[in-house]
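Report on one structure; see the data block that follows.
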Amino acid sequence: MPVYYFSLVWVSICGIISNITSRQVKISDKVYENRSRLLIAVIAILPIIILAGFRTGVADTSAYIMNFEDYPNNLSTAYSMIFDGNRRDPGFLFISILIKQFISTDYTVWLSIIAVISGICVMIPLYKYSCNFGVSIFLFVATCQFIWMFNGIRQFLVASIIFGCTGLILRRRFIIYAIIVCLLSTIHTSALILLPAYFIVTGEPWDKRTILFICLIILTILFTSQFTGLLEDAVENTNYASSMEEFKATDDGTSIIRIIVESVPIIIAFMYRNRIQDKLTPIIKLSINMSLVASGLYIISKIARSGVMLGRLPIYFSMYNLILLPWLIKNIFDKEEKRLVYYLMIVCYIIFFYYQMVISWNGLEYASSILNIKYQTINIQR
């Protein structure tokens with residue numbers, strides 16, 4: 001647990017330094033925003049990458065390590081495994097075998113490469129598009145999204161790469177974007193949700209497409225039992241089938257607290273939509289739509305009692321909250337209000353961090369033989 005506290009303190013300090021040393025860049029005519037220095041952005045994400053890459057025991061890490069050690073270390077003997085029609089992650093297997101054959105058979109090197117790719121792909125859009133990188137990187141840790149780099153690495157590898165491809169969405173390069181999504185779906189098939197979602201998130205905020213999505217959420221709430229049955233039929237032969245069967249008895253969907261926390265940016269954007277209408281930039285329009293989809297999926301996962309399956313899909317969209325929330329605070333509130341909102345935000349997200357890490361996850365263990373660190377979960381009396 002102390003390593004996670006360290007991560008929060010580290011990004012907070014880097015965030016302060018980032019704001020002090022930031023530079024102004026021109027976004028459009030007469031519009032300037034502060035941007036972090038690249039060196040500070042790299043320094044901020046670096047310890048998280050190191051902790052993720054050097055781990056030996058966090059959640060599902062041991063299972064990933066065992067799988068890696070069982071992988072063949074040459075492509076000639078791996079052909080049948082990669083092209084096995086029943087295999088759910090041929091792309092991930094292919095990448096892993098390439099690393100094992102041409103780089104190293106040490107699983108720490110493998111985990112570190114994945115951590116570097118994931119971390120850099122998160123950092124670059126925040127560095128490039130966030131008007132306050134310090135707040136964005138703080139939120140990345142405080143909302144516990146950084147834990148995906150320690151648990152669920154296949155899906156987060158896909159989500160982070162897609163996040164890194166934000167520029168393709170902004171420039172409407174759908175063909176290239178679709179090819180990348182299809183390739184990434186060989187690592188985690190859930191990535192395919194990004195193809196239909198593209199046509200929702202590229203519209204204007206609160207247009208007909210987003211209203212249609214909101215109607216879908218309402219229909220899901222009204223016809224919960226039918227939707228849940230349809231959901232189970234749809235995933236019967238997919239990656240999620242075994243997970244759903246295993247957790248069906250205990251899965252109560254995404255927690256209400258998580259839904260509230262992740263919905264804060266889109267609620268603020270809706271409440272003040274008239275005030276920000278003339279200030280919207282392409283990245284903020286995209287972020288609003290992404291935030292809406294994320295909140296909608298979280299709500300649906302709660303209604304359908306499917307935290308294992310649907311509750312994991314919003315990670316493809318919720319990272320845009322890291323860009324959206326700082327922009328909303330900057331552009332909605334005046335100087336005095338802004339200062340108060342920042343203080344409230346920091347306090348509330350630290351409380352959520354504590355709740356998620358200590359109460360919900362019992363401290364979340366961490367072990368690293370290289371760093372000589374080992375922390376067990378906390379036993380909490382309930």
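The values are calculated or read from the model by the stated rules, or taken from the named source; none is laboratory data. The model shown is predicted, which means the values in this text are computed figures rather than measured ones. Positions of Cβ are generated from backbone atoms using ideal geometry, with glycine treated the same way; all protein chains shown enter the neighbour counts.
Key figures for this structure:
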| read-out | value |
| --- | --- |
| Subset tally (residues that are under 15 Å from the mean Cα position of the chain (by Cα) and of a type in the set (V, I, T)) for the stretch 151-194 | 6 |
| Some residue of the stretch 125-145 being surrounded by fewer than 21 Cβ atoms within 10 Å (Cβ to Cβ) and in a loop (DSSP other than H, G, I, E, B) | no |
| Any hit, the stretch 96-104, residues being of a type outside the set (K, R), part of a loop (DSSP other than H, G, I, E, B) and touching a Phe, Trp or Tyr at 6+ places or on another chain (Cβ under 9 Å) | yes |
| Per-region count, the stretch 324-348, residues of a type in the set (A, V, I, L, M, F, W, C), in a helix (DSSP H, G or I) and farther than 16 Å from S136 by Cα | 2 |
| Residues (within 15 Å of I40 (Cβ to Cβ) and among the β-branched types (V, I, T)) located in the stretch 129-155 | V135, I137 |
| Qualifying residue in the stretch 3-14 (condition: touching a strand residue (DSSP E or B) at 6+ places or on another chain (Cβ under 9 Å), in the same structural domain as F140 (by TED's automatic domain parsing) and either among the acidic types (D, E) or closer than 30 Å to C144 by Cα (or both)) | yes |
| Scan of the stretch 49-80 for residues that are out of contact with any strand residue (DSSP E or B) (no Cβ under 8 Å at 6 or more places or on another chain) and surrounded by 16 or more Cβ atoms within 10 Å (Cβ to Cβ), ordered by number | I49, I50, A52, G53, A59, T61, Y64, I65, F68, Y71, P72, A78 |
| Only listed residue being modelled with pLDDT of 95 or more, of a type outside the set (S, T, Y) and surrounded by fewer than 22 Cβ atoms within 10 Å (Cβ to Cβ), chosen from F352, F333 | F352 |
